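Asker: My structure is below; once you've seen it, I'll send some questions.
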Amino acid sequence: MTAEEIRKLQIKSLEMLQEFAKFCDDNFLRYYIIGGCLIGAVREGGFLAWDDDIDVFMPRTDYERLWRMWNSRGRFKLLRTTDRINIRSQFMTLCDSDTTCVRKLTKDLPIPQGITMDIIPLDGAPYSRLSRLNQKRHAVLYSVYCLDMLPENHGGLSRFVTKLLLMKPKWLKNRLRKRHERKMTRHLLQYCDYLTELCSGLKYMGNEYPKEWFTSTVPIKFEGMTLHAPIGYKKYLTAVFGDYMTPPDEDKRTTDHGILFVDTERSYLETLDDRDYE
């Protein structure tokens, strides 16, 4: 996408973020902006020029309350893999159904194909190394049944094992998905000294953050809005990104979220005659 197209996407994402943040504040739900949005807020007071999405953390209890409370709020749809639909994601996404954003991973799914923001739960990481290893095992299997597709870039063995795991009827895969989710989330935050993000894929599920980094929030400005950052945001950013205050080289100022086609003014149903993304 061009810089102008990315900016249009960012502006639409801000409308969704504003609705989300207001709902959370009105209902006493905790959230923290993270990732590239947090870096942009700290360094520039808004989006990084090349950033094309919004990510937030929510403690697991608040995350589940959000799912129960959101219902339907106009054009903003809260999506999650359930027994009825599969969105090929381990975490919830908020989708602007009045826009179009077709991604490679989900282009064939009967779900709203709009601009999304990612809502990622924080779970407790047990102290015992054996319990932690078992937690990650359940998280991997949960991911397999959420994505319900063969991996492309993890080697032949991973592809073969995944194929065996998915050779089950839909009802059984749904039951196993829920079982692994229960097992991986049974370590409650209040009883753990460290937190982890089990739903962000293999790269991040090994991360462990001291709980004190997330015991409270601090206000932070982002594109004219006042949002919540974790109290330990500097330590979090350093742990995950290293020297986050130094911009990367120009050739690395990109993101890769598999976006094939974007229309910020029309819904997916209104753009079905456009075939540029096929």
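Read-outs: derived from the displayed coordinates by stated rules, not from any lab. These numbers come from a predicted model, not from an experiment. Please note: Cβ atoms are built from the backbone with ideal geometry, for glycine as well, and neighbour counts cover all protein chains shown.
Asker: Loop-only trypsin sites (Lys or Arg not before Pro) in segment 175-278, please: DSSP not H, G, I, E or B, and at most 14 other Cβ atoms within 10 Å. Can you show the working numbers first?
Answerer: Details: sites: Arg175, Arg177, Lys178, Arg179, Arg182, Lys183, Arg186, Lys203, Lys211, Lys221, Lys234, Lys235, Lys252, Arg253, Arg266, Arg275; in loops: Arg186, Arg253, Arg266, Arg275.
Sparse-neighbourhood loop trypsin sites (Lys or Arg not before Pro): Arg186, Arg253, Arg266, Arg275.
Asker: Please identify every one of the trypsin sites (Lys or Arg not before Pro) in segment 77-122 that sits in a loop by DSSP and has no more than 10 other beta carbons within 10 Å of its own beta carbon. Please report the intermediate quantities before stating the final value.
Answerer: Details: sites: Lys77, Arg80, Arg84, Arg88, Arg103, Lys104, Lys107; in loops: Arg80, Arg84, Arg88, Lys104, Lys107.
Sparse-neighbourhood loop trypsin sites (Lys or Arg not before Pro): Arg84.
Asker: Taking θ as phi - 60°, what are the ³J(HN,Hα) couplings along segment 96-107 by the Karplus curve (6.51, -1.76, 1.60), each to the nearest whole Hz, with x for Gly and Pro?
Answerer: The phi angles translate into 8, 6, 8, 10, 10, 8, 8, 10, 4, 5, 10, 4 Hz.
Asker: With the cut-off at 1.5 for a/c, could you classify segment 69-127 from its C-alpha gyration tensor as rounded, prolate or oblate? Numbers along the way, then the final one.
Answerer: Working: a/c = 2.00, a/b = 1.53, b/c = 1.30.
Prolate shape, in that a/c is at least 1.5 and a/b is the bigger ratio.
Asker: Convert each backbone phi in segment 48-54 into a coupling constant with the Karplus relation 6.51 cos²θ - 1.76 cosθ + 1.60 (shift: θ = phi - 60°), then list the ³J(HN,Hα) values in order as whole Hz, x for Gly and Pro.
Answerer: 5, 4, 9, 7, 10, 7, 10
Asker: Something else: Is the C-alpha gyration tensor of the chain telling us rounded, prolate or oblate? Criteria: a/c under 1.5 is rounded; beyond that, a/b larger than b/c is prolate, otherwise oblate.
Answerer: Details: a/c = 1.43, a/b = 1.06, b/c = 1.35.
Rounded is the answer for the chain, as its axis ratio a/c remains below 1.5.
Asker: Right, here's the next one. Do the alpha carbons of any pairs in Lys12/Lys234; Lys22/Lys183; Lys12/Lys104; Lys8/Lys104; Lys163/Lys211 sit beyond 26 Å of each other, and which pairs?
Answerer: On the way: Lys12/Lys234 28 Å; Lys22/Lys183 32 Å; Lys12/Lys104 20 Å; Lys8/Lys104 20 Å; Lys163/Lys211 37 Å.
Result: Lys12/Lys234; Lys22/Lys183; Lys163/Lys211 exceed 26 Å.
Asker: How far apart, in nm, are the 7 Å Cα→Cβ label points at Leu105 and Leu269?
Answerer: 2.6
Asker: Suppose we flag chymotrypsin sites (Phe, Trp or Tyr not before Pro) only when DSSP calls them loop and at most 14 other Cβ atoms lie within 10 Å. Which is the longest uninterrupted stretch of the chain? Show your work: numbers first, answer last.
Answerer: On the way: sites that count: Phe28, Tyr127.
Of all site-free stretches, the longest is 128-278.
Asker: Which one of Gly201, Ala125, Cys101 is farthest out on the positive end of the charge dipole of segment 3-271, using unit charges on Cβ (Lys, Arg +1; Asp, Glu -1) and the Cα centre as origin?
Answerer: Ala125
Asker: Sticking with this structure for a sec: How would you classify segment 216-266 from its alpha-carbon gyration tensor, with a ≥ b ≥ c the square roots of the eigenvalues: rounded for a/c under 1.5, else prolate if a/b is greater than b/c, otherwise oblate? Write down the numbers at each step before the final one.
Answerer: Details: a/c = 2.50, a/b = 1.32, b/c = 1.89.
Verdict is oblate for segment 216-266.
Asker: Same structure, new question: Read phi for every residue in segment 171-188 and hand back ³J(HN,Hα) as whole Hz from Karplus 6.51 cos²θ - 1.76 cosθ + 1.60, θ = phi - 60°, with x for Gly and Pro.
Answerer: My calculation for segment 171-188 gives 4, 6, 4, 5, 5, 5, 4, 5, 5, 5, 5, 4, 5, 6, 9, 7, 8, 5 Hz in order.
Asker: Here is a further query. Specify the inter-centroid distance of segment 17-73 and segment 162-229, based on alpha-carbon positions, in whole Å.
Answerer: Centre-to-centre distance over Cα atoms comes out at 15 Å.
Asker: Normalised by the number of residues in segment 3-271, what is the relative contact order in percent for Cα pairs under 8 Å and 6+ residues apart?
Answerer: Values: 458 pairs, mean separation 65.2, N = 269.
Result for segment 3-271 is 24 percent.
Asker: Here is a follow-up. With a cap of 14 neighbouring Cβ atoms within 10 Å, and only residues DSSP puts in a loop, list the GluC sites (Glu not before Pro) found in segment 152-203.
Answerer: On the way: sites: Glu152, Glu181, Glu197; in loops: Glu152, Glu197.
Counting only loop positions with at most 14 other Cβ atoms within 10 Å, the GluC sites (Glu not before Pro) in segment 152-203 are Glu152.
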